[in-house]
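Report on the following structure.
Bear in mind these aren't lab numbers, they're just calculated from the coordinates by the rules spelled out. Here the structure is a predicted model, which means the values were calculated and not measured. Counting neighbours? That spans all protein chains shown, and the Cβs are built from the backbone with ideal geometry, glycine included.
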Amino acid sequence: MSFQFGIRPGDIVAEPEEMDVDAEEADPVVKEEADLGAILDETHVLEVLDQLDRELIALKPVKTRIREIAALLLIDKLRSEVGLASERPSLHMSFTGNPGTGKTTVALKMAEILHRLGYIAEPRVVSVTRDDLVGQYVGHTAPKTKEVLRRAYGGVLFIDEAYYLYKAENERDYGGEAIEILLQVMEAERDKLVVIFAGYKDRMDEFFKSNPGLSSRVAHHIDFPDYDVDELMQIARLMMKNQNYEFGPHAEDTFREYLDRRVLRPRFAHGRSVRNSIDRARLRQANRLFGSGGVLTREELMTITPDDILQSSVFAEDHEPEDDGLVGGVV
């Protein structure tokens, strides 16, 4: 004899009633097609990709890879609509390249794409370095790293000069603890954030060799090539246009000569160096106009002259090169 819990012998137990099951619940209808155009209209992902093309000169391999990632995520959404099972792809990335080659800009656009496709909650990038993650004494690193992760959840965590997290020559270094926490979060909570590691290519290669657990979790390795002088000139023209400035007669040739010299000097930072050099030319132009007195025309207020560029220390062989504010950063 069998007993049900709470039922005494002799009690009459009613048979359970059969429940009507909705046909759709019993056998859900699977869509046979998905509309790519509708998804594109809904997410506006193409707008972000077009912005990337407009705002970044050259970098064709980088733009191609970003489009490929966007295409994968779009197709995954369509697959889910027609009932095709698909795991969330690993989206952690590595951006390698020299300073000023567009890594931060691309990270911001990547965050926008991931947000529009529903892979992160906000189009937000939290940029950090070793100092933000690693403590200086026992018990200090874990709280620092976890606080950074808390701020980054829902967005993208961008770790610049990531190789400084690992110092093999120092057994008492606490960077390894930060790496262990990152490893756990990148695997167990990859639906909460995307991590992008950034730095010089050779050092990043060594970093991943020394930390195979990290390397296995990074699906996309994107290298940012250097700009040549022609591309740097395109960047300069775009920056000038966006700020309502223009090169006066012979000034563009002078600026190209400036770049020919500047790329050979220390601390050259590609796009960042171009931006800083234009800012200094604007400073000299403003000083020149301020000293002229009188009424200034719109054209005068817009025009950068050769002399505004020639005053750069780059043209004085006995002076140090202009400082682009680069203190080890590579974004």
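Taking 7 Å steps out from each Cα toward its Cβ at SER80 and ASP226 produces label points 4.3 nm apart.
Summarising the label geometry, the points placed 7 Å from Cα in the beta-carbon direction at GLU147 and SER210 lie 2.6 nm from one another. Taken along the Cα-to-beta-carbon direction at a fixed 7 Å, the label points for ASP50 and LYS201 span 3.2 nm.
For the chain, the share of alpha carbon pairs falling in successive 20 Å distance bins from zero is 24, 42, 24, 7, 3, 1 percent. Net length available on complete extension from VAL263 to ARG298 is 9.3 nm, with 0.36 nm assigned per residue and the Cα-Cα distance removed.
Would you mind getting me the FRET efficiency between LYS241 and PHE290? Use the beta-carbon distance for r and R0 = 25 Å, nearest 0.05. E between LYS241 and PHE290, to the nearest 0.05, is 0.55.
Pairwise alpha-carbon distances in the range 36-224 exceed 24 Å for 39% of all pairs.
Note on the chain: with a GNM built from Cα contacts shorter than 10 Å, the maximum mean-square fluctuation among GLY139, GLY176, GLY199 falls on GLY139.
Amide H contacts under 5 Å for ILE120: HIS115, restricted to partners 5 or more places along the chain or on a different chain, H placed in the peptide plane at 1.01 Å from N. Relative to the current alpha-carbon distance between ALA219 and LYS167, full extension at 0.36 nm per residue lengthens the span by 16.3 nm. Between LYS31 and ASP191, take the C-beta separation as r, use R0 = 30 Å, and let me know the FRET efficiency to the nearest 0.05. After rounding, the FRET efficiency stands at 0.80.
Looking only at the range 47-65, which residues have a backbone nitrogen under 17 Å from a spot 7 Å from the Cα of ILE39 in the C-beta direction? What the label zone holds, given the 17 Å backbone N cut-off, is 47-49. Considering only ALA269, ALA198, ALA121, the mean-square fluctuation computed in a Gaussian network model of the chain, springs between alpha carbons under 10 angstrom, is largest for ALA121.
Every Cα-Cα pair of the range 229-315 was included, and the share exceeding 19 Å stands at 33 percent. When only Cα pairs below 8 angstrom with a gap of at least 6 residues are kept, the chain shows a relative contact order of 20 percent.
Among HIS44, HIS270, HIS115, the residue with the largest mean-square fluctuation in a Gaussian network model of the chain, with springs joining Cα atoms closer than 10 Å, is HIS44. Excluding same-chain neighbours fewer than eight residues apart, the lysines reachable from LYS144 by a Cα-Cα span under 30 Å are LYS103, LYS109, LYS167, LYS192, LYS201, LYS209. The antiparallel fraction among DSSP beta bridges confined to the chain stands at about 0%.
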